[in-house]
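The values are calculated or read from the model by the stated rules, or taken from the named source; none is laboratory data. Everything numeric here is computed off the predicted structure, so don't read it as measured data. Here the Cβ is made from the backbone with ideal geometry for all residues, glycine too, and neighbour counts use every protein chain on show. SASA here: full protein model, heavy atoms, side chains in, ligands and nucleic acids out. Shrake-Rupley method; radii C 1.70, N 1.55, O 1.52, S 1.80 Å.
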Amino acid sequence: MDERMEVFLETFLEEMPEYLTDIEFKAQKEHVPVIRRLTGGVLIFFLRAFNVKKVLEIGTATGYSALYMAEGKDDVLIDTIERVPGRIEQAKDNFNKYDRKNRINLIAGDALNILKELSEKEKKYDLVFMDASKGQYKIFAEYVLKLLNPGGVMITDNVMQEGEILESRYAVSRRNRTIHTRMREYLYYITHSKDWNTMILPVGDGIAVSIKNRERWQ
Ligand code: SAH
Ligand code: MG
(Lines give C-alpha, C1' and ligand atoms only; values in the text may rest on other atoms or scores of the structure.)
(Ligands and ions follow the chains in the order given, each with its own letter.)
Protein backbone atom coordinates (compact mmCIF):
# COMPACT_ATOMS: atom_id res chain seq x y z
CA MET A 1 0.00 0.00 0.00
CA ASP A 2 1.12 3.55 -0.71
CA GLU A 3 2.91 4.81 2.39
CA ARG A 4 1.03 8.09 2.71
CA MET A 5 -2.27 6.28 2.41
CA GLU A 6 -1.19 3.81 5.06
CA VAL A 7 -0.20 6.58 7.48
CA PHE A 8 -3.50 8.37 6.78
CA LEU A 9 -5.58 5.25 7.43
CA GLU A 10 -3.62 4.48 10.58
CA THR A 11 -4.89 7.72 12.10
CA PHE A 12 -8.35 6.09 12.27
CA LEU A 13 -7.18 3.09 14.28
CA GLU A 14 -8.06 3.00 17.92
CA GLU A 15 -5.24 3.93 20.23
CA MET A 16 -3.27 1.05 21.66
CA PRO A 17 -1.24 1.05 24.89
CA GLU A 18 2.18 2.69 24.76
CA TYR A 19 4.07 -0.53 25.52
CA LEU A 20 2.85 -2.04 22.23
CA THR A 21 4.53 0.74 20.30
CA ASP A 22 7.75 0.05 22.21
CA ILE A 23 7.63 -3.64 21.29
CA GLU A 24 6.82 -2.74 17.69
CA PHE A 25 9.80 -0.34 17.41
CA LYS A 26 12.18 -2.78 19.05
CA ALA A 27 11.07 -5.50 16.63
CA GLN A 28 11.52 -3.20 13.64
CA LYS A 29 14.99 -2.25 14.84
CA GLU A 30 15.91 -5.93 15.02
CA HIS A 31 14.31 -6.67 11.63
CA VAL A 32 11.64 -8.87 13.11
CA PRO A 33 8.75 -8.77 10.63
CA VAL A 34 5.84 -7.85 12.89
CA ILE A 35 2.34 -7.10 11.61
CA ARG A 36 1.54 -3.69 10.17
CA ARG A 37 -0.74 -1.55 12.30
CA LEU A 38 -3.62 -1.82 9.84
CA THR A 39 -3.24 -5.58 9.99
CA GLY A 40 -3.64 -5.33 13.76
CA GLY A 41 -6.81 -3.37 13.13
CA VAL A 42 -8.13 -6.12 10.86
CA LEU A 43 -7.29 -8.79 13.43
CA ILE A 44 -9.20 -7.13 16.23
CA PHE A 45 -12.09 -6.37 13.91
CA PHE A 46 -12.49 -10.11 13.26
CA LEU A 47 -12.01 -11.03 16.91
CA ARG A 48 -14.98 -8.85 17.75
CA ALA A 49 -17.13 -9.49 14.67
CA PHE A 50 -16.94 -13.27 15.15
CA ASN A 51 -16.97 -13.05 18.94
CA VAL A 52 -13.78 -15.08 19.00
CA LYS A 53 -12.79 -16.74 22.27
CA LYS A 54 -9.94 -19.00 21.21
CA VAL A 55 -7.08 -17.95 18.96
CA LEU A 56 -4.17 -19.91 17.58
CA GLU A 57 -1.25 -17.90 16.26
CA ILE A 58 1.48 -19.50 14.17
CA GLY A 59 4.60 -17.29 14.48
CA THR A 60 4.87 -15.41 17.78
CA ALA A 61 8.16 -13.62 17.17
CA THR A 62 8.46 -11.31 20.20
CA GLY A 63 4.74 -11.34 21.01
CA TYR A 64 3.63 -8.10 19.40
CA SER A 65 0.65 -9.41 17.43
CA ALA A 66 -0.45 -11.72 20.27
CA LEU A 67 -0.48 -8.82 22.72
CA TYR A 68 -2.22 -6.64 20.13
CA MET A 69 -5.01 -9.21 19.86
CA ALA A 70 -5.21 -9.66 23.63
CA GLU A 71 -5.58 -5.89 24.04
CA GLY A 72 -8.26 -5.84 21.37
CA LYS A 73 -10.72 -8.18 23.07
CA ASP A 74 -10.51 -8.95 26.75
CA ASP A 75 -11.95 -12.47 26.76
CA VAL A 76 -9.79 -14.13 24.12
CA LEU A 77 -7.36 -16.90 24.99
CA ILE A 78 -4.38 -17.23 22.68
CA ASP A 79 -2.11 -20.17 21.96
CA THR A 80 0.91 -18.99 20.01
CA ILE A 81 3.71 -21.02 18.42
CA GLU A 82 7.37 -20.02 17.99
CA ARG A 83 10.48 -22.08 17.32
CA VAL A 84 13.42 -19.67 17.58
CA PRO A 85 14.88 -19.70 21.13
CA GLY A 86 15.89 -16.01 21.21
CA ARG A 87 12.43 -14.93 20.17
CA ILE A 88 10.75 -17.31 22.60
CA GLU A 89 12.76 -15.69 25.37
CA GLN A 90 11.76 -12.15 24.34
CA ALA A 91 8.13 -13.14 23.91
CA LYS A 92 8.08 -14.76 27.35
CA ASP A 93 9.50 -11.58 28.86
CA ASN A 94 6.85 -9.49 27.14
CA PHE A 95 4.03 -11.82 28.18
CA ASN A 96 5.24 -11.86 31.79
CA LYS A 97 5.19 -8.08 31.80
CA TYR A 98 2.06 -7.30 29.83
CA ASP A 99 -0.19 -10.36 29.75
CA ARG A 100 -1.25 -9.85 33.32
CA LYS A 101 -4.14 -12.31 33.24
CA ASN A 102 -2.19 -15.09 31.57
CA ARG A 103 -4.37 -15.24 28.51
CA ILE A 104 -1.47 -15.97 26.17
CA ASN A 105 0.07 -19.42 26.11
CA LEU A 106 3.40 -19.69 24.30
CA ILE A 107 4.06 -23.07 22.72
CA ALA A 108 7.72 -23.61 21.86
CA GLY A 109 8.49 -25.80 18.88
CA ASP A 110 8.13 -26.24 15.17
CA ALA A 111 4.68 -25.32 13.98
CA LEU A 112 4.21 -28.44 11.91
CA ASN A 113 4.81 -30.72 14.91
CA ILE A 114 2.72 -28.57 17.20
CA LEU A 115 -0.16 -28.42 14.71
CA LYS A 116 -0.09 -32.23 14.51
CA GLU A 117 -0.18 -32.48 18.30
CA LEU A 118 -2.97 -29.97 18.66
CA SER A 119 -5.10 -31.78 16.10
CA GLU A 120 -4.45 -35.13 17.77
CA LYS A 121 -5.68 -33.56 21.00
CA GLU A 122 -8.73 -32.32 19.05
CA LYS A 123 -8.18 -28.74 20.11
CA LYS A 124 -10.57 -26.22 18.58
CA TYR A 125 -10.13 -22.54 17.74
CA ASP A 126 -12.35 -19.77 16.43
CA LEU A 127 -9.56 -17.87 14.70
CA VAL A 128 -6.12 -18.87 13.46
CA PHE A 129 -3.56 -16.24 12.56
CA MET A 130 -0.94 -17.64 10.22
CA ASP A 131 2.26 -15.60 10.22
CA ALA A 132 5.22 -18.01 10.01
CA SER A 133 7.34 -19.76 7.37
CA LYS A 134 5.65 -18.71 4.14
CA GLY A 135 6.66 -21.83 2.22
CA GLN A 136 4.69 -24.07 4.54
CA TYR A 137 1.35 -22.28 4.57
CA LYS A 138 -0.48 -24.90 2.53
CA ILE A 139 0.50 -27.79 4.72
CA PHE A 140 -0.26 -25.73 7.82
CA ALA A 141 -3.70 -24.88 6.41
CA GLU A 142 -4.60 -28.55 6.16
CA TYR A 143 -4.14 -28.84 9.91
CA VAL A 144 -5.81 -25.52 10.55
CA LEU A 145 -8.90 -26.87 8.83
CA LYS A 146 -9.15 -29.58 11.47
CA LEU A 147 -8.46 -27.16 14.30
CA LEU A 148 -11.05 -24.55 13.35
CA ASN A 149 -14.65 -24.65 14.45
CA PRO A 150 -17.11 -24.52 11.51
CA GLY A 151 -17.43 -20.90 10.45
CA GLY A 152 -14.06 -20.19 12.05
CA VAL A 153 -11.64 -17.82 10.38
CA MET A 154 -8.04 -18.19 9.25
CA ILE A 155 -6.11 -15.00 8.58
CA THR A 156 -2.90 -15.34 6.60
CA ASP A 157 -0.32 -12.56 6.63
CA ASN A 158 2.21 -11.49 3.98
CA VAL A 159 0.44 -12.88 0.94
CA MET A 160 1.69 -10.01 -1.26
CA GLN A 161 5.33 -10.74 -0.41
CA GLU A 162 6.27 -7.06 -0.42
CA GLY A 163 4.89 -6.77 -3.93
CA GLU A 164 6.82 -9.70 -5.39
CA ILE A 165 3.81 -12.00 -5.61
CA LEU A 166 2.61 -10.41 -8.85
CA GLU A 167 5.98 -10.69 -10.61
CA SER A 168 6.70 -13.57 -12.92
CA ARG A 169 8.67 -16.42 -11.45
CA TYR A 170 11.66 -15.40 -13.53
CA ALA A 171 11.72 -11.85 -12.25
CA VAL A 172 11.94 -13.06 -8.67
CA SER A 173 15.38 -13.57 -7.18
CA ARG A 174 16.44 -17.18 -7.03
CA ARG A 175 16.42 -17.04 -3.25
CA ASN A 176 12.74 -16.14 -3.16
CA ARG A 177 11.57 -18.35 -5.99
CA THR A 178 10.41 -21.32 -3.95
CA ILE A 179 8.47 -19.11 -1.58
CA HIS A 180 6.99 -17.20 -4.52
CA THR A 181 5.78 -20.42 -6.16
CA ARG A 182 4.45 -21.81 -2.91
CA MET A 183 2.60 -18.62 -2.03
CA ARG A 184 0.95 -18.59 -5.44
CA GLU A 185 -0.08 -22.22 -4.95
CA TYR A 186 -1.37 -21.36 -1.51
CA LEU A 187 -3.47 -18.48 -2.80
CA TYR A 188 -4.88 -20.74 -5.50
CA TYR A 189 -5.69 -23.40 -2.90
CA ILE A 190 -7.53 -21.16 -0.43
CA THR A 191 -9.49 -19.43 -3.20
CA HIS A 192 -10.49 -22.65 -5.03
CA SER A 193 -10.89 -25.26 -2.31
CA LYS A 194 -14.46 -25.99 -1.26
CA ASP A 195 -13.23 -26.06 2.32
CA TRP A 196 -12.63 -22.32 2.38
CA ASN A 197 -14.36 -19.11 1.48
CA THR A 198 -11.56 -16.58 0.97
CA MET A 199 -11.04 -12.92 0.26
CA ILE A 200 -7.69 -11.25 -0.18
CA LEU A 201 -7.18 -7.78 1.26
CA PRO A 202 -4.34 -5.52 0.11
CA VAL A 203 -3.75 -4.35 3.67
CA GLY A 204 -0.21 -4.14 5.05
CA ASP A 205 1.74 -6.86 3.25
CA GLY A 206 -1.50 -8.43 2.04
CA ILE A 207 -3.75 -10.64 4.10
CA ALA A 208 -6.05 -13.46 3.13
CA VAL A 209 -9.18 -13.96 5.18
CA SER A 210 -10.55 -17.49 4.87
CA ILE A 211 -13.69 -18.79 6.49
CA LYS A 212 -13.96 -22.51 7.08
CA ASN A 213 -16.96 -23.48 5.04
CA ARG A 214 -20.06 -24.63 6.75
CA GLU A 215 -21.88 -27.58 5.16
CA ARG A 216 -24.52 -25.35 3.63
CA TRP A 217 -22.00 -23.51 1.46
CA GLN A 218 -20.83 -26.63 -0.30
N1 SAH B 1 3.23 -12.58 14.43
C2 SAH B 1 4.41 -11.83 14.80
C3 SAH B 1 5.48 -11.86 13.74
C4 SAH B 1 5.89 -13.25 13.35
S5 SAH B 1 7.33 -13.25 12.34
C6 SAH B 1 3.99 -10.38 15.01
O7 SAH B 1 3.37 -9.81 14.11
O8 SAH B 1 4.30 -9.82 16.06
C9 SAH B 1 7.38 -14.96 11.95
C10 SAH B 1 7.84 -15.83 13.09
O11 SAH B 1 7.50 -17.16 12.78
C12 SAH B 1 9.35 -15.80 13.30
O13 SAH B 1 9.66 -15.43 14.61
C14 SAH B 1 9.79 -17.23 13.02
O15 SAH B 1 10.81 -17.68 13.88
C16 SAH B 1 8.52 -18.01 13.26
N17 SAH B 1 8.42 -19.25 12.51
C18 SAH B 1 8.63 -19.40 11.19
N19 SAH B 1 8.42 -20.67 10.83
C20 SAH B 1 8.07 -21.35 11.95
C21 SAH B 1 7.74 -22.70 12.21
N22 SAH B 1 7.73 -23.62 11.25
N23 SAH B 1 7.44 -23.05 13.48
C24 SAH B 1 7.44 -22.11 14.47
N25 SAH B 1 7.75 -20.82 14.27
C26 SAH B 1 8.06 -20.44 13.03
MG1 MG C 1 3.57 -11.07 8.98
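Residue-by-condition table, conditions (1) open to solvent by less than 80 Å² (accessible area, probe 1.4 Å); (2) out of contact with any strand residue (DSSP E or B) (no Cβ under 9 Å at 6 or more places or on another chain); (3) among the hydrophobic types (A, V, I, L, M, F, W, C); (4) farther than 24 Å from residue 205 by Cα:
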| site | (1), (2), (3), (4) |
| --- | --- |
| 84 | yes, yes, yes, no |
| 87 | yes, yes, no, no |
| 92 | no, no, no, yes |
| 97 | no, yes, no, yes |
| 111 | yes, no, yes, no |
| 119 | yes, yes, no, yes |
| 126 | yes, no, no, no |
| 132 | yes, no, yes, no |
| 135 | yes, yes, no, no |
For residues that are within 15 Å of residue 51 (Cβ to Cβ) and buried (at least 24 other Cβ atoms within 10 Å of the Cβ), tally how many sit in the stretch 63-73. 1
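Let's see how each residue does on (1) away from ligand 1 (no atom under 13 Å from the Cβ); (2) at pLDDT below 95; (3) among the charged types (D, E, K, R):
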{"residue": "19", "(1), (2), (3)": "yes, no, no"}
{"residue": "33", "(1), (2), (3)": "no, no, no"}
{"residue": "37", "(1), (2), (3)": "no, no, yes"}
{"residue": "61", "(1), (2), (3)": "no, no, no"}
{"residue": "71", "(1), (2), (3)": "no, no, yes"}
{"residue": "82", "(1), (2), (3)": "no, no, yes"}
Failed condition for residue 51, given (1) part of a helix (DSSP H, G or I); (2) farther than 22 Å from residue 158 by Cβ; (3) touching a strand residue (DSSP E or B) at 6+ places or on another chain (Cβ under 9 Å); (4) not acidic (Asp, Glu): (1)
Wholly inside the stretch 115-218, strands (runs of 3 or more DSSP E) that include 2 or more residues that are more than 19 Å from residue 58 (Cα to Cα) are 148-157, 196-201
Tell me which residues, restricted to the stretch 26-48, are over 14 Å from residue 157 (Cα atoms) and among the polar types (S, T, N, Q). 28
Verdict on residue 177 being open to solvent by 80 Å² or more (accessible area, probe 1.4 Å), without any contact (Cβ under 8 Å) to a residue 24 or more places away in the chain and of a type in the set (D, E, K, R): no
Only one of (1) touching a residue at least 40 places away in the same chain (Cβ under 8 Å); (2) surrounded by 14 or more Cβ atoms within 10 Å (Cβ to Cβ) fails for residue 184. Which number is that? (1)
Among (1) within 15 Å of ligand 2 (Cβ to nearest atom); (2) surrounded by fewer than 20 Cβ atoms within 10 Å (Cβ to Cβ); (3) within 17 Å of the chain's Cα centre (by Cα), the one test that residue 24 misses: (2)
Exactly one of 32, 42 is outside any helix (DSSP H, G or I) and either exposed (fewer than 15 other Cβ atoms within 10 Å of the Cβ) or of a type outside the set (D, E, K, R) (or both), and that one is 32
What residue, among those in the stretch 131-162 that are more than 16 Å from ligand 2 (Cβ to nearest atom) and among the small types (Gly, Ala, Ser), is nearest to residue 47 (Cα to Cα)? 152
Condition met for residue 76 (open to solvent by less than 70 Å² (accessible area, probe 1.4 Å) and more than 13 Å from ligand 1 (Cβ to nearest atom)): yes
The lone exception for residue 54 - which of (1) open to solvent by 40 Å² or more (accessible area, probe 1.4 Å); (2) within 16 Å of ligand 2 (Cβ to nearest atom) it fails: (2)
